[in-house]
Each structure stands twice: as structure tokens, then as C-alpha cells.
1. Just wondering, is there one or more residues in segment 2-22 that are free of Cβ contacts under 8 Å to residues at least 60 places away in the same chain, closer than 15 Å to residue 283 by Cβ and either part of a strand (DSSP E or B) or out of contact with any strand residue (DSSP E or B) (no Cβ under 9 Å at 6 or more places or on another chain) (or both)?
2. Where the second residue is part of a loop (DSSP other than H, G, I, E, B) and surrounded by 14 or more Cβ atoms within 10 Å (Cβ to Cβ) and the first is on the phi > 0 side of the Ramachandran plot and lies in segment 216-230, which pairs have Cβ atoms under 8 Å and are six or more apart or on separate chains?
3. Count, please, the residues in segment 46-72 that happen to be assigned to a loop (DSSP other than H, G, I, E, B) and more than 19 Å from the chain's Cα centre (by Cα).
4. Before we move on, is residue 283 at pLDDT below 95 and surrounded by fewer than 22 Cβ atoms within 10 Å (Cβ to Cβ)?
5. Here are some residues: 201, 258. Which one is within 20 Å of residue 303 (Cα to Cα), assigned to a loop (DSSP other than H, G, I, E, B) and under 18 Å from the mean Cα position of the chain (by Cα)?
6. Inspect segment 239-249 for any residue being closer than 22 Å to residue 49 by Cβ, in contact with a helix residue (DSSP H, G or I) (Cβ under 6 Å, 6 or more places away or on another chain) and assigned to a loop (DSSP other than H, G, I, E, B) and give the result as yes or no.
7. Would you be able to tell me the number of residues in segment 122-153 that are out of contact with any strand residue (DSSP E or B) (no Cβ under 9 Å at 6 or more places or on another chain), outside any helix (DSSP H, G or I) and at pLDDT 95 or above?
8. From 88, 102, grab the single residue that is at pLDDT 95 or above, part of a helix (DSSP H, G or I), farther than 21 Å from residue 286 by Cα and touching a helix residue (DSSP H, G or I) at 6+ places or on another chain (Cβ under 8 Å).
């Protein structure tokens, strides 16, 4: 497993990390034993960067990570998120409330100071007011967090956050089916020494290449109840692409790939070929998925011809179907 520097944190993180949304049972039930196996498999595969949030399972994901972490001789780097808990979202934001939420996360994680705390897709008006970033700067000085970043939905939000001198990282939607950050954001992040953390690298599983039109999701899985943005931002599910269209686009892209190229490998490697990316946080409901995703670190870079094919396909076939903005 190769490592990369995560922006201003200076942390050397595994270039494939583990997204821990599934450990909150928000994609369907994951038993305690399997959750521990997923976490341990990640470490065994060389993954030492984990991303969670206070709202994943109402704190269950953080709690599971904290309990497991206490069994280790050396702790991995754990990032969490703040801002979507009901005590804050959508209009309860204050410095005191944010601090209280972060302290609760630290307790569940079993740490005194959080390695990296990220604003969690807070409302645009709250973000653009600038106050919440100033609060995070203060909380860093107070020792509540070691570093802070932001997880955002729109590129203009990312650009705004990137200008803050203390911001260490940005977590963004970025994949073969959502490429616009390549030109508009990544060079700015590099200039400002802001680490890029990629979520939804496989577009909610579409780019695994294993989904068909008759695929059925657990009722607790956001891919079942948020297909059209009924629960939260539509872009967080299948990249904002209607599921049926997404399946068709994947099949069309698979047909264009050179012989022997697997769409999952190509999708993960394409992200890692962007030098500004610090880590991909790929989620997993089974330990076998962790092993499969971790293997991307050892793959060779894609050819320039394949990069050009993927760019052209995105611009001509995919971009126009993304709902909710970019």
C-alpha cells in the first residue's frame, strides 16, 4: 500500500483508505463481528486512514471504530465529520454546539483530540458566512481537533473552503463519472496545500460494474430511499445520475475499455492517477471488498489513451445526466 501526504496535516496516509459509513448500518445491517473484521482487514491490507462521521448509525460507526482502536498497539489516522447531527442541522449551528458534538465524537472514538474533523456538508448559507470555519480554527487552537477540513457537495463550496489558510483537507465527490474537479479544483488545492479525500469513488457502487437493473437494495440503504434525493442531496447517491441511466452508462463504458481492463480497477486507478488526491475512502460492507479496493494501490497508471477515452466519455455521455449540480 503506497502512502501520500494529506495536505497541511503532514499525515502520511494510505492512498486507499476505508470509508466507514457502512459500519453505521446505513447500507443494511453489518454485525459487530463483521464490522471488526472489516476494520482489521483494512489494517492487514496496509490501510491506515479511516473516515467516519457522528451521524453514521447515530454514532455507531464511531463507537465501533473506537472499541476496535483500543485493541491496537498503534492507532491509525481517524477522520470524522461534524455538522449533520440533529442538534446542529439545519439551523442550530454555534461554536458551543459544534464543540459539544466534536467532544462526543472524541469520546466515542476513545481519543482526547480528533486527528481530523471535517465539516459535514453543512448548509450553504452556514458555510459561506465563514463563521463555522473560524470556529473550527478556534477549536484547533483549543486542542479539540488536531486539524480540520470540510466535506462538501458542490465545487464552489470546495473552492470557498480551499481559500481558508488553516484548512487541511477537502472531501469531495470525484470519480470517472464526476470529473470536473480535475480542471477547476485540484490545481488550487495543490497550490494551497489542501489534501483531497475522495468519496463515492465508485459512484455508490455503479462503477463496480456488478449492478443490473433488477438489483434490489436493503430498505435501510440510501441507494433505496435516496435515489432521487428524497432524504439528502441527490448527488450523494449514484452521483446524482438516475439509477437506470447509470447502469446503462456503465455497460456502455465497459464496452469501450481495452480488452482485459476491469471497470472497477480502471475507476480506482483513474482517481489515483490524479497527483493531488491524498486518499480514496472506499466503503465496504464485507471484508472481501476491502481487499479488492486496496489492490488498486498496486496497479500501474492508466495509459494516456485510456485517460483520454474516459474524459471524452464523461463529457459526451455522462455529465449531462448529473442532477443536483456539480
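The values are calculated or read from the model by the stated rules, or taken from the named source; none is laboratory data. These numbers come from a predicted model, not from an experiment. When we count neighbours, we look across all protein chains shown, and the Cβ atoms used for this are built from the backbone with ideal geometry, even at glycine.
1. Restricting attention to segment 2-22, the residues satisfying the condition of being free of Cβ contacts under 8 Å to residues at least 60 places away in the same chain are 3, 10, 12.
Now restrict to residues that are closer than 15 Å to residue 283 by Cβ: none.
Scanning segment 2-22, I find no residue that is free of Cβ contacts under 8 Å to residues at least 60 places away in the same chain, closer than 15 Å to residue 283 by Cβ and either part of a strand (DSSP E or B) or out of contact with any strand residue (DSSP E or B) (no Cβ under 9 Å at 6 or more places or on another chain) (or both), so the answer is no.
2. Pairs that qualify, where the first residue is on the phi > 0 side of the Ramachandran plot and the partner is part of a loop (DSSP other than H, G, I, E, B) and surrounded by 14 or more Cβ atoms within 10 Å (Cβ to Cβ), are 229/237; 229/323; 229/324.
3. Number satisfying all stated conditions: 3.
4. Numbers: at pLDDT below 95: yes; surrounded by fewer than 22 Cβ atoms within 10 Å (Cβ to Cβ): no.
It is false that residue 283 is at pLDDT below 95 and surrounded by fewer than 22 Cβ atoms within 10 Å (Cβ to Cβ).
5. Answer to the selection: 201.
6. Kept after step one, since they are closer than 22 Å to residue 49 by Cβ, are these residues of segment 239-249: none.
Scanning segment 239-249 turns up no residue that is closer than 22 Å to residue 49 by Cβ, in contact with a helix residue (DSSP H, G or I) (Cβ under 6 Å, 6 or more places away or on another chain) and assigned to a loop (DSSP other than H, G, I, E, B).
7. 3
8. Details: 88 fails: part of a helix (DSSP H, G or I).
The conditions single out 102.
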